[in-house]
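The values are calculated or read from the model by the stated rules, or taken from the named source; none is laboratory data. Here the structure is a predicted model, which is why all the values come from computation and not from measurement. Positions of Cβ are backbone-derived with ideal geometry, glycine not excepted, and every protein chain shown enters the neighbour counts.
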Amino acid sequence: MNFSKLIRQRNILLVPFSWLYKASAFVFHKLYDWKLIGSYQPAVATICVGNLSVGGTGKSPMVEYLLRLLENKTPVAVISRGYRRKTKGFVLANGSTTAADIGDEPMQFHQKFPGATIAVGEERAKAIEALIKQKPKTGVIILDDAFQHRAVTPGFNILLTEYNNLFTKDGYLPAGSLRDLKSNYKRADIIVVTKCNSNLEYMRKEQIVKEIRPFPHQQVFFTSIAYGLPYHIFSSKTINWDDISAAVLVTGIANPQPLLDYLQLKPFEWSHIAYADHHHFSDEDIEKILTAYNAIKQTNKIILTTEKDAVRLADFKELQELPVVALPVQHQFLFNEGSIFDQKIIGFLEPKLKMLS
């Protein structure tokens, strides 16, 4: 029996549990829809970035896209849960904050956007109130990975869905990867189909839009992955791919496949050490990475990783004298629609800022 057939059989056995999961999600949302549980509506402008599934759909690059778009227009803040951090409750990032304090992705935002306010908190409503109390001039708060959390009603919702795993075709946990009801896509103001092929055909685009069936108030956008210039995580110096002879790739992300596909096109040898998403690196992990790095005979060799993993690897002194290189990733809007997306965001935000001025 081949592996794919085993996976299909496993998923079939899990379907009854998926029905139970869907039923519980249905009840959860109905309690909010029927106003049996209240939802906090912040006075400050809020933009939610989220998805309906588990796994990487590109939420962090979208948060960074919004930070770049808005940081010169108004004081911007980001609130995340801070997944797998070693603290509890509300934490506001400062000059001595580490990834252990706020989590890897918030730490990534904190390092790349020093002018923004970065905070974490399990309870988004309380986190918003605490942030505004400490940063009263905040003009907009970006809620990272909060689409499924109904305790807060954001002013604007951006829903991401991956091209190769559209929510319209996905199943519910544990047989599939959906963690929220498919029907909740109606709460989105914008739907972004992420990780598309950069040369996606217009006809295929229209097919997907028809499959999603957006409401009149919604617009569907398409993005591909665009990798930036690799840089040394300790010196911030950018490097040229042509100067690299070999690499050890270290990832602790949900879906490294797009990165692996990208590196297949590069003219150097590389090996891959993969860990689970948000993995906390141990001394044993670092020893394994160093063993793989030292085994490379070429001189122009590097340890390559993602920006999210880099904030956790940077804590190990054993790596600080080595060429540890991070590769940034961004959303690239297809069909020349990036400016339309930008205007949608700014169009939502400008009236809110005028009201506060």
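Of the residues making up region 226-240, those that are touching a residue at least 40 places away in the same chain (Cβ under 8 Å), part of a loop (DSSP other than H, G, I, E, B) and over 21 Å from GLY58 (Cα atoms) are ILE233, PHE234, ILE239. Number of residues in region 258-297 that are over 30 Å from VAL54 (Cα atoms) and among the β-branched types (Val, Ile, Thr) equals 2. Kindly evaluate HIS280 against the criterion of being more than 17 Å from the chain's Cα centre (by Cα), modelled with pLDDT under 95, surrounded by 13 or more Cβ atoms within 10 Å (Cβ to Cβ) and on the phi < 0 side of the Ramachandran plot. The answer is yes for HIS280. Identify, please: which residue in region 293-307 is buried (at least 18 other Cβ atoms within 10 Å of the Cβ), within 20 Å of TYR275 (Cβ to Cβ) and not β-branched (Val, Ile, Thr) and is, among those, nearest to the chain's Cα centre (by Cα)? Step by step, filter region 293-307, then rank; the result is GLU307. Just one of the listed residues (ARG213, ARG179, ARG204) is assigned by TED's automatic domain parsing to the domain that holds GLN148, surrounded by fewer than 19 Cβ atoms within 10 Å (Cβ to Cβ) and under 16 Å from the mean Cα position of the chain (by Cα), namely ARG179.
In this entry, VAL220 is excluded by the filter for residues that are in contact with a Ser or Thr (Cβ under 9 Å, 6 or more places away or on another chain) and not in a helix (DSSP H, G or I). Taking strands (runs of 3 or more DSSP E) as the structural unit, those lying wholly within region 293-340 and holding at least 2 residues that are among the polar types (S, T, N, Q) and closer than 23 Å to PHE268 by Cβ correspond to 301-306. Would you check if THR57 is buried (at least 19 other Cβ atoms within 10 Å of the Cβ), touching a Ser or Thr at 6+ places or on another chain (Cβ under 9 Å) and at pLDDT below 95? Here the answer is yes, as THR57 does meet what is asked.
Set side by side, the residues GLY338, GLY252 differ, and just one is within 30 Å of VAL44 (Cα to Cα) and small (Gly, Ala, Ser), which is GLY338. Within region 68-117, the set of residues being in contact with a strand residue (DSSP E or B) (Cβ under 7 Å, 6 or more places away or on another chain), aliphatic (A, V, I, L, M) and touching a residue at least 40 places away in the same chain (Cβ under 8 Å) comprises LEU70, VAL76, ALA77, VAL78, ILE79, LEU92, ALA116. None of THR87, THR74 is in the same structural domain as VAL49 (by TED's automatic domain parsing), part of a loop (DSSP other than H, G, I, E, B), farther than 27 Å from ASP342 by Cα and modelled with pLDDT of 95 or more except THR87.
Please determine, by comparing only the residues of region 247-277 that are surrounded by 17 or more Cβ atoms within 10 Å (Cβ to Cβ) and among the small types (Gly, Ala, Ser), which one is modelled with the lowest pLDDT. Here the residue is GLY252.
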